[in-house]
Amino acid sequence: SQQGEEDPQALSIQEGENATMNCSYKTSINNLQWYRQNSGRGLVHLILIRSNEREKHSGRLRVTLDTSKKSSSLLITASRAADTASYFCATDESGSRLTFGEGTQLTVNP
Amino acid sequence: DTAVSQTPKYLVTQMGNDKSIKCEQNLGHDTMYWYKQDSKKFLKIMFSYNNKELIINETVPNRFSPKSPDKAHLNLHINSLELGDSAVYFCASSQGVRNEQFFGPGTRLTVL
């Protein structure tokens, strides 16, 4: 199946709640990246975590990486309506390309 | 001050036509990409150029031909357009092949 699979496919929460999205992959990686895509726009890079890192923070974003389980999670705390978007994880296969997952559609209801 | 720009934003054309999409980046990056995003939002890499040299050429019909006149530009020419080519095409750039990528706004291609 697809490298970089996100789970869940869709998530609907209320403003102020936390949102957690997961990503699983199959092969060894050098880094894993998370991107956001607002409707009708290009992808925007959120955070990159290297294989020797376990956790990284950026503002309200927290990313964890468990290389033994080949999984990563993206946590958005205190969500806002403006966080509504699709979120993609991407892994580097052999350092030559990024392979994107199918994304999680997050809806934050005001 | 757009970092990665694409033209046109929308492209509506008939089957069998030939069309081009242009991409430019002003970030000084050495690597540029073309991706295709289908209606289910699945993003698939098509081509990648590093310092004007083709380094990734996925299983894409040879009707698609990328051209990189210099490091800042990567154009995509499509011959004999088919209905299945309808999608959103994204250009992206990065410094090196493993680092964060910067995406253009996309070109929505509709083939009638």
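The values are calculated or read from the model by the stated rules, or taken from the named source; none is laboratory data. Source: prediction; values computed, not measured. Positions of Cβ are backbone-derived with ideal geometry, glycine not excepted, and every protein chain shown enters the neighbour counts. Note: areas computed on protein heavy atoms with side chains; ligands, DNA, RNA excluded. Shrake-Rupley method; radii C 1.70, N 1.55, O 1.52, S 1.80 Å.
Taking B:GLU100, is it buried (at least 17 other Cβ atoms within 10 Å of the Cβ), without any contact (Cβ under 8 Å) to a residue 60 or more places away in the chain and among the charged types (D, E, K, R)? So B:GLU100 fits the description; yes. Could you tell me whether region A:99-107 includes any residue that is hydroxyl-bearing (Ser, Thr, Tyr) and touching a Pro at 6+ places or on another chain (Cβ under 8 Å)? Scanning region A:99-107 turns up at least one residue that is hydroxyl-bearing (Ser, Thr, Tyr) and touching a Pro at 6+ places or on another chain (Cβ under 8 Å). Test A:GLY101 against the stated conditions and say whether it is free of Cβ contacts under 8 Å to residues at least 60 places away in the same chain, within 19 Å of B:LYS44 (Cα to Cα) and crowded, with 21+ Cβ neighbours inside 10 Å. In short, no.
Considering only residues that are among the hydroxyl-bearing types (Ser, Thr, Tyr) and away from every other protein chain (no Cβ under 14 Å), which ones fall in region B:78-109?
Of all residues in region B:78-109, those among the hydroxyl-bearing types (Ser, Thr, Tyr) come to B:80, B:86, B:89, B:93-94, B:107.
Selection gives B:SER80, B:SER86.
Restricting to region B:37-56, give me the number of residues that are within 11 Å of another protein chain (Cβ to nearest Cβ) and more than 13 Å from B:PHE90 (Cβ to Cβ). Selection size over region B:37-56: 4.
Inspect all residues belonging to region B:69-81 and state whether any of them is more than 17 Å from B:VAL4 (Cβ to Cβ), small (Gly, Ala, Ser) and in contact (Cβ under 8 Å) with a residue 12 or more places away in the chain. Yes, the conditions are met somewhere in region B:69-81. Number of residues in region A:1-31 that are assigned to a strand (DSSP E or B) and either within 11 Å of another protein chain (Cβ to nearest Cβ) or within 22 Å of A:ASN109 (Cβ to Cβ) (or both) equals 12.
Across region A:39-49, which residue is nearest to A:SER68 (Cα to Cα) among those that are more than 8 Å from chain B (Cβ to nearest Cβ) and modelled with pLDDT of 95 or more? The residue in question is A:ILE49. Cβ separations smaller than 6 Å between residues 6+ apart or across chains give the following pairs from region B:51-63 residues that are touching a residue at least 24 places away in the same chain (Cβ under 8 Å) to residues that are open to solvent by less than 80 Å² (accessible area, probe 1.4 Å) and not basic (Lys, Arg): B:ILE55/B:SER48.
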